[in-house]
């Protein structure tokens, strides 16, 4: 198990190696701080599963909370919040009635 101080001292490539060994998805796109917290979070999840094993995977809520705290939204949540796409049919425009032109004969 790695502590936060040990993780912070590691190089990015070392953290990526650890993340790969822990089967953390998307670790290649993460920066150092994200990797540190994700590794710590996965360690906590693994420890919790050893203490109380259950068939369901425990959510990594600490990682999600950290992302929201740093102003980064979860892409899955963003997709769920997007409004439905508008239909491609053109909107019907209201008909305008024009007055007939008057002929002025002299």
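Ranked for footprinting exposure by Cβ neighbours inside 10 Å, fewest first, 88, 28, 38 give 88, 28, 38. Sorting 99, 34 by the number of Cβ atoms found within 10 Å of their own Cβ, with the fewest placed first, yields 99, 34. Projecting label points 7 angstrom from Cα along Cα→Cβ for residue 22 and residue 5 puts them 1.9 nm apart. Stretching residue 97 away from residue 13 to a fully extended chain increases their span by 23.1 nm, per 0.36 nm per residue minus the current alpha-carbon distance.
Every number here is computed from the coordinates shown, using simple stated rules; none is lab data. Every value quoted in this text rests on a predicted model; they were computed, and no experiment measured them. So basically every Cβ, Gly included, is an ideal-geometry build from the backbone, and we count neighbours across all protein chains shown.
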